[in-house]
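The values are calculated or read from the model by the stated rules, or taken from the named source; none is laboratory data. Here the structure is a predicted model, which is why all the values come from computation and not from measurement. Here the Cβ positions follow ideal geometry from the backbone for every residue, glycine too, while neighbour counts run over all protein chains shown.
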Amino acid sequence: MVDSQIVLWGQTIAYTSYALVIILLMAWFGLKITKAGKSNKVSNTFFYSFVGFLVVLGVSLHIVTYNTIPWASMDLNRDDIKPDKVFNITMENHQFILPSDRLIIKEGEKALFDVTSNDLTYGFGVFRSDNSMIFQMQVVPGHRNDILWQFEKPGVYTIRSTEYSGPKGAQMILKDVVEVKAQ
């Protein structure tokens, strides 16, 4: 599985470039039609060719980046995947109730986080030490809330709620409780 930070950087560069091209087109078009004189007409052929190019570029960008999402193939084939570890976690009264003090996973193992809420809608997210998010999901009472993840790098990670559940929800942080050990 590709690290989500690499995917984020690649998509940031691609989509920012695409957005800048569109903004420049709009600025050029706006200047062209508001400029006094004979040169204020934009050729229909040129304009629609450029718009067609942007549509093709945008669709191509989405198709190319679709397969870079690290969890997509695992989600699509989830029925065929047996997790190596299952962690049953309960959320209630603005607290995480973990099956043990530390959730220990080996590098490359597939871990299933099965999270249940007994009262409110919460978020469940796993974060790196630099506070960047690895993954998150919404946890809704009365519904199945689970996520299958494969950790590719050893490290120690933090769990926190990623959904507003009232003022106490901001304190729902368990530092360094997920430990991924090298093989």
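The number of residues in region 138-154 that are at pLDDT 95 or above and in a strand (DSSP E or B) comes to 2.
The residue list Asp101, Asp114, Asp75 contains one member that is in a strand (DSSP E or B) and either charged (D, E, K, R) or at pLDDT below 85 (or both), which is Asp114. Please enumerate the residues belonging to region 19-44 that are surrounded by 10 or more Cβ atoms within 10 Å (Cβ to Cβ), among the hydrophobic types (A, V, I, L, M, F, W, C) and at pLDDT below 75. Residue satisfying the conditions is Val42 alone. Gly125 meets the stated requirement of being outside any loop (DSSP other than H, G, I, E, B), within 21 Å of the chain's Cα centre (by Cα), surrounded by 14 or more Cβ atoms within 10 Å (Cβ to Cβ) and not hydrophobic (A, V, I, L, M, F, W, C). For region 151-168, taking the residues that are touching an Asp or Glu at 6+ places or on another chain (Cβ under 7 Å) and surrounded by 15 or more Cβ atoms within 10 Å (Cβ to Cβ), the one that is farthest from Gln5 (Cα to Cα) is identified as Thr158.
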